[in-house]
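Reading through the structure tokens given below for one structure.
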């Protein structure tokens, strides 16, 4: 089967569909709930409070340095759950496959999803497959949904932000956006840069354990990057954000590529970083907790929440000036997730 | 990062700022010719760091912004030629003409492609020998040599289906129009570094000699710009009008002879329409007769017959912004009807546009 391609009949609901589910999806994403093949997965959840989210992935190319659409589809949803302070548990995955996609390509993606799910401590318990004719999709699109268990107590959120809260980022920003952009055809750039794509449940757990009650709000700065996340927080909380340009970690390769392409690294997407707002007294402890985890080794304190300039994000430049940091407007970085 | 960090050094910047503050006594207003300079000034927050006697204003040096609406309408008509591929640099896709943009033409079925190099258009012509590939040529003397070299290569390789719609422009006629037009006070010009790398710093001597306005050619990093401003202050205080080269690592007095020769082989000066400045004599770069077979306007003349005369968007004051007569926040449409998501005028679209720079970087209170 591995030299074959996906046919429209693979989505027809007949023998080929069943063979695809059995030989590929069930084989790699194996667990008792999925194996039961019921119309809906029945899962037990500790506690009654759940976090629930969904996300679609249309990244081009399907495979890029540091990841692929499968790893991204697991991480994206797992990380959205983790940012709510939830422990990610179960995922559903829907595949829209273009007729003619090599079977081996699909298998590589599903194997990667299975590996990432194990890494993240989640199981894929429900799924769906549709095949569309050539040109009806670009290779493969994946939608994942996920549920996670929330601990007791006040949920994390923008409403908890207070002036004076410190802002932290868990590592260098922009790796994913630039790695995907460079991997695309047409850009005459070469680099060893890899996507930061990673499941962040463990990192969040380490942070919450170290600073119980002091973490206000978490977000993974995906599309729109750090600038979009901070602007969302500023608008949502009716407070200001102030960050030091020099404190934000950015890899040399990312800076160089951004300089050449006229992009701002603060607008470039991450898929394995988090931004945290923590109470002022807990900032150093939070920083230590992040740095003590392999996925947070490059963490930095980058600024603070302010009562001044509500709704706006102000950047203190290396030259000592202050300027606004706006949401990105363009769509230069389309289809990066 | 080499070639960047050394030109952003905070200590060196403070030293230059102190020198400017010590030397500047009378209030001056310097024009950043280049949109690239306007962006760098706002991105690095230089305005507020400068002595209060030194004011900076934007100029006409954003090639996307000065493209007249009528020229865009014709480019959109060319994009709709059946079978054609229209290749252009990214920003042009979203600039409003009189009726729509290249982006809306693309949504309507036209094959409009953003390229990062004119060679990408040549590659598309090779890949699609049965289809005309029309390169929308936008840019000043810094961009045009690459386009000239691409057309020469297409001839050498025998690729017949690459055409150019040249909206290329020359910088000096625009500076003359602003300085000679009156109404806008300019005590110094921050000269365009990339253009001067091609045409030479000496090409800007008319600014000093004919208009008595000092000029300092500048690069695009903070120290480059501050160095140029320091030299302009020095000249303005001494009452001297000369051309200083504050970008010697890229700019020679005579420029780049090979690039200038390529320009001269392929292009000749012709009248051109500028948004905000009107038609300026000998301010455009048209194809020479030897390259008439590459001229999209001639090859697809029938597609252009029907295009009505262009109209600038109602209420848009990009023209005043481009002459330095208005700061972007002074335009009634700024941040209200005109935003980067829904731009009315080109200055809000282009990555070199003054309105886009003000919107994006603002200046925090």
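Could you tell me how many degrees, from 0 to 90 and to the nearest 10, lie between the Cα long axis of helix A:201-210 and the main elongation axis, the longest principal axis, of the Cα atoms of chain A?
30
Stokes-Einstein D for the stretch A:8-149 at 10 °C, 1.306 mPa s, Kirkwood Rh over Cα pairs, in µm²/s? Walk me through the numbers before you get to the answer.
Details: Rh = 15.3 Å.
Translational diffusion coefficient: 104 µm²/s.
Report the antiparallel proportion of the DSSP beta bridges in chain B as a percent, rounded to a multiple of 5. Don't skip to the answer; put the middle values down first.
Working: 9 of 40 bridges.
Within chain B, antiparallel bridges account for around 20 percent of the total.
Explain nothing, just the number: relative contact order of chain B, from Cα pairs under 8 Å at least 6 residues apart, as a whole percent. List each step's numbers first, then the result.
Numbers: 744 pairs, mean separation 84.9, N = 365.
Worked out over chain B, it gives 23 percent.
Using only Cα atoms, locate the centre of the stretch B:299-365 and the centre of the stretch A:71-135, then give the distance between them in Å, rounded to an integer.
Between the Cα centre of the stretch B:299-365 and that of the stretch A:71-135, the gap is 44 Å.
With both partners inside the protein assembly as shown, how many of the DSSP beta bridges are antiparallel, as a percent to the nearest 5?
The antiparallel proportion sits near 55 percent.
Grab the DSSP H runs of chain A that are 4 residues or longer, score each as -39,500 (n - 2.57), total them, divide by all residues and round the 222 nm result to the nearest 500 deg cm²/dmol. Don't skip to the end; give the middle numbers.
Details: 9 runs with 94 residues, N = 337.
It lands at -8500 deg cm²/dmol.
Top mean-square fluctuation among A:99, A:107, A:259, Gaussian network model of chain A, C-alpha springs under 10 Å?
Looking only at A:99, A:107, A:259, the biggest GNM fluctuation is shown by A:259.
How many times 2.2 N^0.38 Å is the alpha carbon radius of gyration of the protein assembly as shown? Each step should come with its number before you reach the end.
Details: Rg = 28.0 Å, N = 702, 2.2 N^0.38 = 26.5 Å.
For the protein assembly as shown, the normalised Cα radius of gyration is 1.05.
Take every DSSP beta bridge whose two residues both sit in chain A, then give the antiparallel share in percent to the nearest 5. Present the calculation step by step, with values, prior to reporting the outcome.
Values: 40 of 53 bridges.
About 75 percent, rounded to the nearest 5.
Need one word for the stretch A:123-164: rounded, prolate or oblate. Basis is the Cα gyration tensor (sqrt eigenvalues a ≥ b ≥ c); a/c below 1.5 gives rounded, then a/b vs b/c decides.
On the way: a/c = 6.82, a/b = 2.25, b/c = 3.03.
Oblate, because a/c is 1.5 or more while a/b does not exceed b/c.
Working from Cα positions, state the angle (0 to 90°, nearest 10) between the long axis of helix B:144-157 and the longest principal axis of chain B.
On a 0 to 90 degree scale, this one is about 30.
Once each part is reduced to its C-alpha centroid, what is the distance from the stretch A:273-337 to the stretch B:184-217 in angstrom?
41
Quick one: plug the Kirkwood hydrodynamic radius of chain B (C-alpha pairs) into Stokes-Einstein at 10 °C, 1.306 mPa s, and report D in µm²/s.
On the way: Rh = 21.0 Å.
Stokes-Einstein gives a translational diffusion coefficient of 76 µm²/s.
Assign one of three labels to the stretch B:34-167, namely rounded, prolate or oblate, based on the Cα gyration tensor with a ≥ b ≥ c the square roots of its eigenvalues; rounded applies when a/c is under 1.5, prolate when it is not and a/b is larger than b/c, and oblate otherwise.
Values: a/c = 2.98, a/b = 1.83, b/c = 1.63.
Prolate, because a/c is 1.5 or more and a/b exceeds b/c.
Taking only C-alpha pairs under 8 Å that are 6+ residues apart, what is the relative contact order of the stretch B:14-107 in percent? Could you put the intermediate results ahead of the total?
On the way: 94 pairs, mean separation 23.0, N = 94.
Value for the stretch B:14-107: 24 percent.
Using alpha carbons only, how many degrees (0 to 90, rounded to 10) separate the axis of helix B:69-79 from the longest principal axis of chain B?
Relative to chain B, helix B:69-79 is tipped by roughly 40 degrees.
Pick from A:320, A:202, A:76 the residue whose mean-square fluctuation is largest in a GNM of chain A, springs joining Cα atoms under 10 Å.
Checking each option, the largest mean-square fluctuation is seen for A:320.
Which whole-number percent is the relative contact order of the stretch A:8-149 (Cα, under 8 Å, 6+ apart)?
Working: 242 pairs, mean separation 54.6, N = 142.
After rounding, I find 38 percent.
Sort chain A into rounded, prolate or oblate with this rule: let a ≥ b ≥ c be the square roots of the eigenvalues of the Cα gyration tensor; rounded if a/c is under 1.5, and if a/c is not under 1.5, prolate when a/b is larger than b/c, oblate otherwise. Working shown, then result.
Values: a/c = 2.39, a/b = 1.47, b/c = 1.62.
Oblate is the answer for chain A, as a/c is 1.5 or above yet b/c matches or exceeds a/b.
Sorting A:217, B:355 on the 10 Å Cβ count, fewest up front, what's the list?
On the way: A:217 23, B:355 33.
With the sparsest Cβ surroundings first, the list reads A:217, B:355.
Taking neighbour counts of Cβ atoms within 10 Å as a proxy for exposure, in what order, fewest first, do A:189, B:17 appear?
Values: A:189 15, B:17 21.
So the ranking, lowest neighbour count to highest, is A:189, B:17.
What translational diffusion coefficient, to the nearest whole µm²/s, does the stretch B:175-283 have by Stokes-Einstein, given a Kirkwood radius computed over alpha-carbon pairs, a temperature of 25 °C and 0.890 mPa s viscosity?
Working: Rh = 14.7 Å.
The estimated diffusion coefficient comes to 167 µm²/s.
What is the distance in Å between the Cα centres of the stretch A:205-221 and the stretch B:280-297?
62
Within a 10 angstrom radius of the beta carbon, how do B:128, A:90, A:18 rank from fewest other beta carbons to most?
Details: B:128 15, A:90 23, A:18 12.
Ranking B:128, A:90, A:18 by Cβ neighbours within 10 Å, fewest first, gives A:18, B:128, A:90.
Taking chain A as a Gaussian network, Cα atoms linked when under 10 Å apart, which of A:26, A:315, A:15 shows the biggest mean-square fluctuation?
Per the Cα network of chain A with a 10 Å cutoff, A:15 tops the list.
Values in this text are rule-based calculations from the coordinates and carry no lab data. Only a predicted model underlies this, so the values are computations on that prediction, with no experimental measurement involved. With ideal geometry, Cβ positions are generated from the backbone for all residues, glycine too; neighbour counts draw on all protein chains shown.
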